[in-house]
Amino acid sequence: MQNNTFIIGDVHGCYHTLLKLVAKLSSNSKLIFVGDLCDKGNYSKEVIEFVINNKHTCIYGNHEYLFYQYARDAILRDTHKMWSTNDAYGGRKTINNYKNDIALLHKHIKWIETLPKYIQIDKYFITHGFGLPYYKRKDQKEFQKALYINRVDDDSFKTDWEDYTNYDIVNIFGHCDFDEVLIDKNKKYYGIDTACIYGGKLTAIKLGTMEIIQENLDKKDN
């Protein structure tokens, strides 16, 4: 495992905050994003382009899924679904961000097709949603959606959770926003979405030492 591997939480188009956070990390750091680069914020295309151009790694998040499913119809055909009509999903800002840059839209949709549902580095299992309860079924197609939509505090999913208490695995995930990093009492999982888009912080966590580095929301992203 590279000594300078950082996992970064949900960016949601907060491009200026992301640049400030990355500036705090060493220049040789390996960056892995937990997904939800897009939607809700004003700079989805800039965030995705930054990740692509710097050859960073990103996990497939539920907002990558929504973007992939609905962006072409909304922007090219003016056909709208929940992603672009309900502000809770944040698609309206993404539409405004891309509507004059169709070539980049197609480039980013094609890139989203390549994103993995999870990455494992040594004992660290990196997912978008709370993936630990599905660890042993992570490669089964019927459970891969759970890797990007499951929430640590959602009782509706618990009926098919695995008993992960004895796994020698540490799950790092986003998707569920918290005021501070959620750390399991046994350090089996870390929730690193610290609600940047809602006025919170963008978080990076270093594999191995689990050092936490954060940046408050930049006013330009608000």
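Quick rundown of the values:
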quantity	calculated
Search result, residues across region 24-35 that are in contact with a Phe, Trp or Tyr (Cβ under 9 Å, 6 or more places away or on another chain), in contact (Cβ under 8 Å) with a residue 60 or more places away in the chain and either assigned to a loop (DSSP other than H, G, I, E, B) or surrounded by 24 or more Cβ atoms within 10 Å (Cβ to Cβ) (or both)	Leu25, Val34, Gly35
Checklist (1) under 23 Å from Lys45 (Cα atoms); (2) modelled with pLDDT under 95; (3) surrounded by 12 or more Cβ atoms within 10 Å (Cβ to Cβ); (4) of a type outside the set (Phe, Trp, Tyr) applied to Asn97, failing item	(2)
Scan of region 165-177 for residues that are assigned to a loop (DSSP other than H, G, I, E, B) and surrounded by 17 or more Cβ atoms within 10 Å (Cβ to Cβ), ordered by number	Ile169
Cβ pairs under 7 Å, 6+ apart, first in region 64-83 and on the phi < 0 side of the Ramachandran plot, second loosely packed, with under 13 Cβ neighbours inside 10 Å	Asp73/Thr79; Ile75/Lys99
Scope region 201-222; condition part of a loop (DSSP other than H, G, I, E, B) and surrounded by fewer than 19 Cβ atoms within 10 Å (Cβ to Cβ); matching residues	Gly208, Thr209, Met210, Glu211, Asp218, Asn222
Of the criteria (1) farther than 24 Å from Ser29 by Cβ; (2) in contact (Cβ under 8 Å) with a residue 40 or more places away in the chain; (3) in contact with a Phe, Trp or Tyr (Cβ under 7 Å, 6 or more places away or on another chain), which one Thr127 fails	(1)
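The values are calculated or read from the model by the stated rules, or taken from the named source; none is laboratory data. These numbers come from a predicted model, not from an experiment. As a convention, Cβ positions derive from the backbone with ideal geometry for all residues, glycine included, and neighbour counts pool all protein chains shown.
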